[in-house]
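Peer 1: Please read through the structure below; I'll follow up with questions.
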Amino acid sequence: MSAQAKNYIREDANQAIVDTPYGRGLVLRSGREDGVREIQLTEWEIAPSRSTYRFRGATLYSCSDYPSVKVLKGDDVICLWGRGKVSEIQPNGIVAIKLNSWRLAKRSLVNCYLKASDVQVVRKKTQSEMTAYERVEFSKEYKASANEQFCQKLYEAALIKYSKAVDAIRYVQHDNFSSNEIRADLVMVMVTSCNNAATCCRQLQKWDECIKFAKNALVLLDALSQKRGLRIHAILNSDGFKDSKLFGEWRVKSYLLIGRVHFAKKEYEEALASFETANNIISQEVIKTPILDSQQKEVKNLMAHCTREKRIIKRKEKKRAQAMFGGDNKTTQNNTPTEPELVTKIAPLKDTVSDDRVKHREQMGALMPNREVAVYNKVQDEEEELPWYDEHKEALIVATAIVAATVLGVTLLRSKR
């Protein structure tokens with residue numbers, strides 16, 4: 001082992017924030033033998049002009065035991081009874097601390113009241129250093145702050161905090177100290193934060209992120225639905241989250257958000273499928289709440305909108321197809337006479353046959369169909385022309401011969417001259 005490794009001192013588990021003559025400082029390490037403490041001055045900033053990077057905070061090495069900085073509400077502190085968070089500072093200077101290192105039955109917490117001089121302010125933990133309980137509490141704080149901004153319609157700022165609340169508990173590693181109450185709180189915070197984040201995304205027209213958050217909520221609710229009657233489900237019910245809210249209102253809200261996104265993107269088939277699923281969930285609920293009734297009206301209204309939009313699209317597609325392939329089928333069908341109309345249109349033709357033609361047919365011995373009458377009349381006309389030709393046949397031949405002889409004589413005379 002090298003000398004540098006032997007002299008290496010690990011960072012303090014609880015890094016105190018102290019008040020030095022040079023400003024606030026963070027105690028990184030404390031020497032075991034010589035008592036020298038390595039303090040990073042957080043209010044200092046050194047930036048060499050010729051360097052591409054910046055050194056943030058000067059380092060102070062001192063054996064002095066500097067006092068803690070002034071205690072403020074929300075600071076992480078260490079006291080005689082463990083680590084906790086300052087929840088209140090009373091007018092007489094007494095500091096109320098909610099201890100995180102103590103675990104009692106269910107969600108019971110331990111509060112202690114000490115003088116400010118008995119409390120040491122320390123650095124806040126990073127998410128990787130937090131326990132499952134601390135992560136859930138951290139997520140609750142972000143969610144509460146996001147709710148205030150959401151009520152003020154600050155959707156962008158609210159979305160950032162809802163996202164942080166979700167990320168804080170997304171990959172929680174449970175251990176033996178993770179009680180069922182902590183697991184139940186995790187489900188509640190995760191589902192509500194995802195649905196609220198999806199609502200912010202819809203207001204900001206971030207369609208893909210909206211669907212992503214809503215589907216995350218549905219995954220958790222579906223997993224909880226498979227464990228109905230077990231401990232976590234029972235704890236949520238006892239906390240006031242009944243099945244009508246867990247598997248009714250929350251699930252319907254997720255499907256409504258997904259359907260509204262598809263509707264905004266004019267994906268009416270997908271939107272109608274989401275709304276139908278939401279409507280089925282509401283119809284299956286035995287206990288109806290005012291929120292479910294309101295959601296059902298909204299779902300039916302949106303379903304009607306989707307159906308109307310689909311009909312409009314079909315009409316447009318039909319007109320486009322008719323324009324491409326040659327007109328309207330309905331007008332063609334209406335202009336084409338039916339069989340009874342043909343009969344009525346043909347029937348007067350039979351009555352318009354002249355009386356002479358009828359008499360002629362009667363003289364031939366029978367009344368023939370129209371087509372046969374027409375053929376017969378044509379043959380009769382041709383037979384009437386033949387006797388005239390036979391009568392003047394010889395005269396026509398003589399006239400033709402005379403004309404031919406005259407033309408021949410004129411031609412010979414011209415050739416002699």
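The values are calculated or read from the model by the stated rules, or taken from the named source; none is laboratory data. Keep in mind it's a predicted model, so treat the numbers as computed, not measured. Glycine gets a Cβ as well: all are built from the backbone with ideal geometry, and neighbour counts include every protein chain shown. In case anyone asks, the SASA skips ligands and DNA or RNA and just uses the protein heavy atoms, side chains included. Shrake-Rupley method; radii C 1.70, N 1.55, O 1.52, S 1.80 Å.
Peer 1: Only one of these conditions is not met by GLU129: (1) more than 30 Å from VAL18 (Cα to Cα); (2) among the charged types (D, E, K, R); (3) loosely packed, with under 12 Cβ neighbours inside 10 Å. Which number is it?
Peer 2: (1)
Peer 1: If you check ILE169, ILE160, which single one turns out to be part of a helix (DSSP H, G or I), open to solvent by 60 Å² or more (accessible area, probe 1.4 Å) and among the aliphatic types (A, V, I, L, M)?
Peer 2: Within the list ILE169, ILE160, the selection yields ILE160.
Peer 1: Under the condition of being part of a strand (DSSP E or B), in contact (Cβ under 8 Å) with a residue 24 or more places away in the chain and farther than 30 Å from ASP239 by Cα, which residue from region 96-125 is farthest from the chain's Cα centre (by Cα)?
Peer 2: It comes out as LEU114.
Peer 1: Restricting attention to region 172-201, and to residues there that are in a loop (DSSP other than H, G, I, E, B) and open to solvent by less than 30 Å² (accessible area, probe 1.4 Å), which single residue is nearest to ALA157 (Cα to Cα)?
Peer 2: Checking each candidate, the answer is VAL172.
Peer 1: A further question follows. Could you list, in sequence order, the residues of region 397-417 that are part of a helix (DSSP H, G or I) and of a type outside the set (A, V, I, L, M)?
Peer 2: Listed by number, the residues that qualify are THR400, THR406, GLY409, THR411, ARG414, SER415, LYS416.
Peer 1: In region 269-280, is there at least one residue being outside any helix (DSSP H, G or I) and buried (at least 17 other Cβ atoms within 10 Å of the Cβ)?
Peer 2: No, that holds for no residue.
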